1. Exactly one condition in (1) within 16 Å of ILE121 (Cα to Cα); (2) in contact with a strand residue (DSSP E or B) (Cβ under 7 Å, 6 or more places away or on another chain) is false for ALA53; which is it?
2. How many residues are under 20 Å from ILE162 (Cα atoms) and among the charged types (D, E, K, R) if we restrict to the stretch 1-54?
3. Counting only residues that are among the hydrophobic types (A, V, I, L, M, F, W, C), outside any loop (DSSP other than H, G, I, E, B) and more than 17 Å from the chain's Cα centre (by Cα), how many does the stretch 216-231 have?
4. Inside the stretch 51-111, counting only helices (runs of 4 or more DSSP H) that do not spill past its ends, which hold 3 or more residues that are surrounded by 19 or more Cβ atoms within 10 Å (Cβ to Cβ)?
5. Scanning the stretch 137-153 for residues that are of a type in the set (A, V, I, L, M, F, W, C) and modelled with pLDDT under 85, which turns out surrounded by the most Cβ atoms within 10 Å (Cβ to Cβ)?
6. Scan the stretch 209-241 residue by residue and report those that are touching a helix residue (DSSP H, G or I) at 6+ places or on another chain (Cβ under 7 Å) and under 14 Å from PRO144 (Cα atoms).
7. Might you let me know whether the stretch 232-248 holds any residue that is surrounded by 14 or more Cβ atoms within 10 Å (Cβ to Cβ), at pLDDT 95 or above and not in a helix (DSSP H, G or I)?
8. Checking the structure you have, find out if any residue of the stretch 116-136 is within 15 Å of ALA70 (Cα to Cα) and surrounded by fewer than 24 Cβ atoms within 10 Å (Cβ to Cβ).
Amino acid sequence: MARIVTIVNQKGGVGKTTTAVNLAACLGVLEKKVLLVDMDPQGNATSMSSITATDYRTIYDMMGDDTLAAVYDTELPYLKVIPGNPDLTGAEIELLDVEKREFVLRDLLKRVSRHFDLIIIDSPPSLNILTVNNMAAADGLIIPIQCEYFALEGVSRIVATIERIRKINPKLAIDGILLTMYDKRVKLTFDVEQEVRKHFGKTVFQNVIARNVKLSESPSFGKPIILYDISSIGAKQYLALAEEYLERIG
């Protein structure tokens with residue numbers, strides 16, 4: 001069965017979707033069979049992932065049809081995607097009346113997980129029933145945090161949420177905390193890094209993701225950075241992160 005990893009942060013603009021897409025793509029480049037699941041109603045992970053189908057079903061459709069597996073190819077042979085779209089906003093309301101609503105995604109992924117080594121889930125930038133589903137389905141979490149003044153405050157909220165989720169998913173682990181939008185020219189970046197590493201120690205990945213023009217451009221071309229510009233700093237850093245992550249989980 002695949003290891004299920006949710007990329008999560010209740011704060012927006014921290015590189016969550018960028019990390020979900022590019023980590024999944026780089027793990028695919030390393031010849032791990034990866035499934036990227038877009039559980040954010042914005043659907044940005046879908047549009048960034050080089051999905052090759054022009055007409056497709058989504059994770060929302062799978063929720064309504066227990067025989068459907070909406071898994072699609074990308075330009076990377078080892079990376080598949082279950083798309084998301086704004087219909088997921090409706091699922092937030094519809095799930096409220098569903099028995100065991102926290103486990104809908106977990107049960108859904110059982111249909112496909114045996115075909116993959118890793119399943120990467122992108123989450124909305126908020127704590128709602130979709131995010132709860134993502135965390136309840138996961139074996140581990142990766143938490144991207146931007147190197148800014150309120151970084152630790154955001155992580156502390158996530159950690160408190162994790163403790164609550166562990167009441168329904170006791171196996172849930174923090175696979176790693178990732179420093180994003182890293183700018184070594186800015187003193188605040190260094191200060192935040194020091195504080196985060198002091199509080200969370202080896203949980204923090206050694207690799208960081210720097211601010212990078214190519215990384216910012218790649219979503220507008222509908223490609224992960226490894227396909228948009230393999231020689232860019234962003235591509236090299238996400239590939240190094242993928243290698244570090246594989247070493248970490250053994």
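The values are calculated or read from the model by the stated rules, or taken from the named source; none is laboratory data. From a predicted model like this one, the values you see are computed outputs, not experimental measurements. Quick reminder, even Gly has a Cβ in these numbers, built from the backbone with ideal geometry, and neighbours come from all protein chains shown.
1. Unmet condition: (1).
2. Going through the stretch 1-54 one residue at a time, the tally reaches 4.
3. 2
4. Helices (runs of 4 or more DSSP H) meeting the threshold: 59-64, 104-109.
5. The residue in question is ALA151.
6. ILE209, ALA210, TYR238, LEU241
7. Yes.
8. Yes, there is a match, as at least one residue in the stretch 116-136 is within 15 Å of ALA70 (Cα to Cα) and surrounded by fewer than 24 Cβ atoms within 10 Å (Cβ to Cβ).
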